[in-house]
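Participant: Handing you a structure now.
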Amino acid sequence: MTSDWKETKLVDVCSDIDYGYTESASYEIIGPKFLRITDIQGGIVNWDTVPYCSISDKDFQKFRLVQGDIVVARTGNSTGENYIFSETLDCVFASFMIRFRVNPSIVSPKFVWYIMRSYYWSIYIDAVAIGAAQKGANSKLLGNFTFSYPKISTQEVIVNNL
């Protein structure tokens, strides 16, 4: 790492951080896809198995995932598990997740996501996830994750090589 890399906290490169939507999942097509913690396995989602949910237009706008959003599991054994949304389908995220909307004028969302798939993220999660019966982390704890990043053009080279 060279001296032109900057150190930051996740919260400082996000334009928005939100908790997910609370609703029951349905396998009937009654609204948008409803991404839950259990749908994310190793950073991958099988969209054929993701259920749907009913949601008002107002809530859909609030909880809608857009390309580049990173969702993170905040409870249970999968605390810290994450996924970067790159789909073009209508989708909202469930309440046991937190969405980090990375500001692409500061950092590449995909660059941040690769860092959040790294050993450093895993160690951080192990250190901050708390709870006797079931571990978990809130948006403040997750947002305090510190990492370094180079200029955008270098981030893109790194992302393309990964």
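The values are calculated or read from the model by the stated rules, or taken from the named source; none is laboratory data. Everything quoted here is computed from the prediction, not taken from an experiment. Heads up, the Cβs are rebuilt from the backbone with ideal geometry, glycines too, and the neighbour counts pull from every protein chain shown. Protein only, heavy atoms only, side chains kept; ligands, DNA and RNA dropped before computing areas. Shrake-Rupley method; radii C 1.70, N 1.55, O 1.52, S 1.80 Å.
Participant: Residue by residue through region 127-162, note down the ones that are more than 19 Å from Val11 (Cα to Cα) and not polar (S, T, N, Q).
Facilitator: Step one: filter region 127-162 for residues more than 19 Å from Val11 (Cα to Cα), giving 130-135, 153-154, 156-162.
The answer is Ile130, Gly131, Ala132, Ala133, Lys135, Glu156, Val157, Ile158, Val159, Leu162.
Participant: Considering only region 47-94, state which residues are crowded, with 16+ Cβ neighbours inside 10 Å, in contact with a Phe, Trp or Tyr (Cβ under 8 Å, 6 or more places away or on another chain) and in a loop (DSSP other than H, G, I, E, B).
Facilitator: Listed by number, the residues that qualify are Val50, Pro51, Cys53, Ile55, Leu65, Gly68, Asp69, Arg74, Gly80.
Participant: Exactly one condition in (1) open to solvent by 10 Å² or more (accessible area, probe 1.4 Å); (2) closer than 17 Å to Ile115 by Cα; (3) at pLDDT 95 or above is not met by Gly42; state its number.
Facilitator: (3)
Participant: OK, next. Could you check, for region 98-110, whether at least one of its residues is open to solvent by less than 20 Å² (accessible area, probe 1.4 Å) and modelled with pLDDT under 95? Can you show your working first?
Facilitator: First pass over region 98-110, keeping only residues open to solvent by less than 20 Å² (accessible area, probe 1.4 Å): 98-100, 102, 107-108.
Filter once more, keeping what is modelled with pLDDT under 95: none.
Checked against the condition, which is being open to solvent by less than 20 Å² (accessible area, probe 1.4 Å) and modelled with pLDDT under 95, region 98-110 yields no hits at all.
Participant: Is there a residue being charged (D, E, K, R) and closer than 30 Å to Phe147 by Cα anywhere in region 32-53? Full working, then the answer.
Facilitator: Residues of region 32-53 that are charged (D, E, K, R), as a first pass: 33, 36, 39, 48.
Going one step further and asking which of them are closer than 30 Å to Phe147 by Cα, we end up with 36, 39.
There is at least one residue in region 32-53 that is charged (D, E, K, R) and closer than 30 Å to Phe147 by Cα.
Participant: I'm told Ile123 meets every condition in (1) touching a helix residue (DSSP H, G or I) at 6+ places or on another chain (Cβ under 6 Å); (2) of a type outside the set (Gly, Ala, Ser); (3) without any contact (Cβ under 8 Å) to a residue 24 or more places away in the chain except one. Can you identify the failing condition by its number?
Facilitator: Only one criterion in (1) touching a helix residue (DSSP H, G or I) at 6+ places or on another chain (Cβ under 6 Å); (2) of a type outside the set (Gly, Ala, Ser); (3) without any contact (Cβ under 8 Å) to a residue 24 or more places away in the chain is unmet by Ile123, namely (1).
Rundown of residues vs (1) under 24 Å from Asp12 (Cα atoms); (2) touching a residue at least 40 places away in the same chain (Cβ under 8 Å), yes/no style:
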site	(1), (2)
Asn46	no, no
Ile55	no, no
Val71	yes, yes
Phe96	yes, yes
Pro109	yes, yes
Ser118	yes, no
